[in-house]
Amino acid sequence: MLAAGNPPDLVRDAGTDVTPYIASQGLALNLDSYFAQSTIIKESDIMPVNDVWKWDGKQQGQGSRYGIAYGATLLANSDGANAAYDSWDIGVTMSNSQFVSVSTSGWDAARQADGDLPVLTYLHLAPKSALIDKGVNVGLPYNGKAPDLGAFETSG
């Protein structure tokens with residue numbers, strides 16, 4: 001459809017790594033004016049987790065909105081889950097600065113001599129990240145007052 005010059009009105013995507021690409025390539029419509037004119041939903045009604053569909057030309061999560069979750073799709077499979085310590089519920093502004101790196105560079109590097117994956121800092125929390133000690137104890141080892149919120153525990 002895209003190649004034929006007849007794109008669909010709506011496209012489903014995860015938002016996570018797609019938004020910067022589709023927004024910068026002009027493949028997504030800036031929705032800001034639609035929210036400004038809407039009498040049904042306002043920007044302030046949208047949960048911060050939807051900020052993955054924002055792009056300011058440099059940083060995801062900032063700037064204009066190019067998408068939104070429909071039908072609670074971001075939380076559709078979370079029945080029975082405790083979301084009390086999720087990033088959108090603890091008052092933390094998510095940004096790249098929370099992490100040492102958000103670059104995917106090096107993912108294709110050779111394994112280490114012992115067979116382990118390459119040592120990367122991708123999604124490791126920055127030393128002063130607001131996500132440190134913001135998790136909940138689920139019985140796994142952690143450093144500090146509480147587990148860190150994210151994929152990796154900081155060293156303390």
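The values are calculated or read from the model by the stated rules, or taken from the named source; none is laboratory data. From a predicted model like this one, the values you see are computed outputs, not experimental measurements. Every residue, glycine among them, receives a Cβ derived from its backbone with ideal geometry; neighbour counts consider all protein chains shown.
Computed values, structure above
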quantity	calculated
Cβ pairs under 8 Å, 6+ apart, first in segment 136-147 and touching a residue at least 40 places away in the same chain (Cβ under 8 Å) and at positive phi, second among the basic types (Lys, Arg) and in a loop (DSSP other than H, G, I, E, B)	none
Top-ranked residue of segment 94-103 - restricted to ones that are modelled with pLDDT of 80 or more, part of a loop (DSSP other than H, G, I, E, B) and not small (Gly, Ala, Ser), ranked as nearest to Pro20 (Cα to Cα)	Val102
Looking only at segment 105-149, and only at residues there that are basic (Lys, Arg) and either closer than 15 Å to Val92 by Cα or under 20 Å from the mean Cα position of the chain (by Cα) (or both), the one that is surrounded by the most Cβ atoms within 10 Å (Cβ to Cβ)	Lys134
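Rundown of residues vs (1) in a loop (DSSP other than H, G, I, E, B); (2) more than 24 Å from Pro147 (Cα to Cα); (3) polar (S, T, N, Q); (4) modelled with pLDDT of 75 or more, yes/no style:
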{"position": "Gly15", "(1), (2), (3), (4)": "yes, yes, no, no"}
{"position": "Ser44", "(1), (2), (3), (4)": "no, yes, yes, yes"}
{"position": "Ala69", "(1), (2), (3), (4)": "yes, yes, no, no"}
{"position": "Asn77", "(1), (2), (3), (4)": "yes, no, yes, no"}
{"position": "Asn82", "(1), (2), (3), (4)": "yes, no, yes, no"}
{"position": "Trp88", "(1), (2), (3), (4)": "no, no, no, no"}
{"position": "Val92", "(1), (2), (3), (4)": "yes, no, no, no"}
{"position": "Gly106", "(1), (2), (3), (4)": "yes, yes, no, yes"}
{"position": "Ala109", "(1), (2), (3), (4)": "yes, yes, no, yes"}
